[in-house]
Structures are given as C-alpha cells and as structure tokens.
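The values are calculated or read from the model by the stated rules, or taken from the named source; none is laboratory data. These numbers were taken from a predicted model, which means no experiment stands behind them. All Cβ positions, glycine included, derive from the backbone under ideal geometry; neighbour counts span all protein chains shown. Heavy atoms of the whole protein, side chains included, go into the accessibility calculation; ligands, DNA and RNA do not. Shrake-Rupley method; radii C 1.70, N 1.55, O 1.52, S 1.80 Å.
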Amino acid sequence: YKRQGSHGEIGLMQVTPNAARDWATATRQPVPRRKDLFKPETNIRVGTWYLQRAIQYWSAKPNPLPYALAEYNAGRSNALRWAAHDQNDPNVFWNAITYPSTRRYVRDIMINYQRSH
C-alpha cells in the first residue's frame, strides 16, 4: 500500500513517522524505517497501538471514542484544546473541533461505528 498523506502520513492507517517512534519507544521495538511503514502489518500494528493509546488517554470521558479519533486525526494538543470546555459532553467537543476534515473524520467513523453496533 503506497499511499502518503499531505502531512507525511503513511499507509493504510495514515501513520506518521513520529507516531512510529512513539510506538517503538513504548514497545521497546526498533523504530520502523519509512519503507516499513508502507507494509500493512507494520502500519496496522503502529496505528492500532496509537489509537488504543488515545482511547486509554480519554477513558475518563463518558464516550472516549470521538476524543480518541480526533486525537488520532489531528494530534493530542488539538484534541486537548477542543476538549478544554466540553463539560464531558462529546457533542460540545465535536462542535469545538475547528478543522473541518477532523470533524468529518470523527463524524463519519462514529456514524459507521454506531451502525455496526
């Protein structure tokens, strides 16, 4: 899978090299080379670890998934900014997201997730 995003995201799960370094440090694995991030097995391993880490970080929220998805898509600092005044309400959080692409990303995944459950 040879896709690269506009901000250097790589592969199926659009993993960044920074996320791969975080994964390597946390799991005591060698840092994947850039070309290894195009391999589905490596990309999925890193991407699912990163998403799980985000879900754990937001686990105190009544519904951590939209927060974790926003973090996965736009980074933790942005998600923290958007969550600053959310009063633990995911709808308030979602409306605070200032990046249209992140709002669409969170909305689309949440809709598909709700349909499947």
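Points worth noting:
- Scanning segment 54-64 for residues that are within 12 Å of the chain's Cα centre (by Cα), closer than 15 Å to E9 by Cα and not β-branched (V, I, T) turns up nothing.
- V31 falls short on exactly one of the conditions (1) touching a helix residue (DSSP H, G or I) at 6+ places or on another chain (Cβ under 7 Å); (2) of a type outside the set (F, W, Y); (3) under 23 Å from D108 (Cβ atoms), and that condition is (3).
- Residue in segment 3-10 that is open to solvent by 70 Å² or more (accessible area, probe 1.4 Å) and among the hydroxyl-bearing types (S, T, Y) present: yes
- In segment 33-42, the condition of being touching a Lys or Arg at 6+ places or on another chain (Cβ under 8 Å) and either buried (at least 16 other Cβ atoms within 10 Å of the Cβ) or closer than 30 Å to D86 by Cβ (or both) is met by at least one residue.
- Yes/no for I111 being free of Cβ contacts under 8 Å to residues at least 60 places away in the same chain and in contact with a Lys or Arg (Cβ under 8 Å, 6 or more places away or on another chain): no
- Options A84, A74, A79, A96; residue that is open to solvent by less than 20 Å² (accessible area, probe 1.4 Å) and without any contact (Cβ under 8 Å) to a residue 60 or more places away in the chain: A79
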